Amino acid sequence: MFFNSLTFAIFLPIVFVLYWFVFNKNKTTQNTLLIIASYYFYSCWDWRFLFLLVFSTFLDYYTGIRIEKSQKESGRKFWFWLSIGVNLGFLGMFKYYNFFTTSFAELANGFGLKTSPFLLDVVLPVGISFYTFHGLSYVIDIYYKRIKAEYNFVDYSLFVSYFPLLVAGPIERATHLLPEIKEKRSFNFEQAKAGIYQMLWGLVKKVVIADTCATYANAIFDHYPSMNSGSLILGAVYFAFQIYGDFSGYSDMALGMSKLFGLELLRNFNYPYFSRDIAEFWRRWHISLSSWFRDYLYIPLGGSKGGMWMKIRNTFIIFLVSGFWHGANWTYVVWGFINALYFLPLLLRKSNRNNIDTVVLDKSWNSVKVVANILLTFALSCLAWVFFRASTITDAFLYLKKMFTNGVFASQYLANERYNYELLLMLLAFVAVEWNHRTKEEPISGKYQTVKLALCLTSIIALGTYSDYKEFIYFQF
């Protein structure tokens, strides 16, 4: 069940009505309803993996209590490493087993050793990376005595399985979300209205921006050997918009629907494509994931306390792990490595903390240098995204080679009036969303919200009626 599906458009209002008008006696009944809704939501993907989610919940709930109650350090360590090992073991088996097995077989074949690897014929459980990281952060925080163990199983189960977070995050912390879950909620009309607006803007990012760009990005990447340089450059830009629209769109929908239930999630994207350097970009892109790796990997490895060599080592480690977290393919690892290389000059110059303020908050475009830095950072991100999108490392390098050596920069995809029209609609929607971010923290608020709402709906309707997407729009709404 996708957030932008007709099924979800029926599911969410039903849960909302039951939550506020039937299960509204206390927070326990409300939380129980959300757990039932979350399990149903997850089972719509594949009901068999629901048992994995339940097991993970029981595991971390129990080990968290055992860690807190253990009198000896040896006992605390046993339960801690049991939880870490089982969680990472399940994640590794489902997400990475086939990748490592195939990679080892290819390496052995390269040395003339014939192998027949045994591969698992299983589908990757939806959201396993997200709810695994929820549980890991909870157990780690208990072990280091940052939080107390949660003894209310209903509250903890909702923290792990809360359906807005299962598909694409954000990755919430127990220190933030559990206190909200434990509090009684009352309906707040202004909060609900803000949530609806935020969900709508998230839907625009997904439907108008991401899905439109995906059509062209796929066509270009799938046929890159026959494309000229202009088309390949455009393909990289399209994919940059696509992945931003996908990730931040789902995050905005998650934050918006949570407001409907009286819960406030952490912001996950802070207009990263307006960043002035790569360090700022990673403070604004998928914030919950970046901060997770910072707090639970970078800092435990020593962070920035051990001199320049340790800073460089730890930076490369977290970027490589971050790349690998996104998918079981060497292209993701190379993507992480490239971003670490981008980060290296900033570390050496000790300028990675220069751009902390928000460049587009009420005072943007104050110099040519700022604009140039933003464009350069965006260009570097687009080049790295080629590896994220390409099927293989070879394809990525060939794509980049043709991008710079073909010599023809008149894009084949700008010669058609229809493509120009759809591209314009996509850019209008993108600029509208980003423009709104300039002055307010929430994705839609302020005196221009009616104008932006009209632009949003007009873009969706025009895109559906002009192009071949009539069936697509019907499916969405």
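The values are calculated or read from the model by the stated rules, or taken from the named source; none is laboratory data. Only a predicted model underlies this, so the values are computations on that prediction, with no experimental measurement involved. Here Cβ is always computed from backbone atoms with ideal geometry, including for glycine, and neighbour counts include all displayed protein chains. Quick note on the areas: whole protein, heavy atoms, side chains included, nothing else; ligands and nucleic acids left out. Shrake-Rupley method; radii C 1.70, N 1.55, O 1.52, S 1.80 Å.
Here are the numbers:
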quantity	calculated
Residues located in the stretch 257-268, provided they are crowded, with 23+ Cβ neighbours inside 10 Å and either touching a His at 6+ places or on another chain (Cβ under 9 Å) or closer than 11 Å to Ile356 by Cα (or both)	Asn268
Breaking point among (1) part of a helix (DSSP H, G or I); (2) open to solvent by 40 Å² or more (accessible area, probe 1.4 Å), for Tyr42	(2)
Selected residue (criterion: modelled with the lowest pLDDT) from residues of the stretch 1-33 that are loosely packed, with under 13 Cβ neighbours inside 10 Å and closer than 24 Å to Tyr156 by Cβ	Lys25
Among the candidates Glu68, Glu73, Glu106, residue that is out of contact with any strand residue (DSSP E or B) (no Cβ under 6 Å at 6 or more places or on another chain), buried (at least 17 other Cβ atoms within 10 Å of the Cβ), farther than 16 Å from Leu165 by Cβ and at pLDDT below 95	Glu68
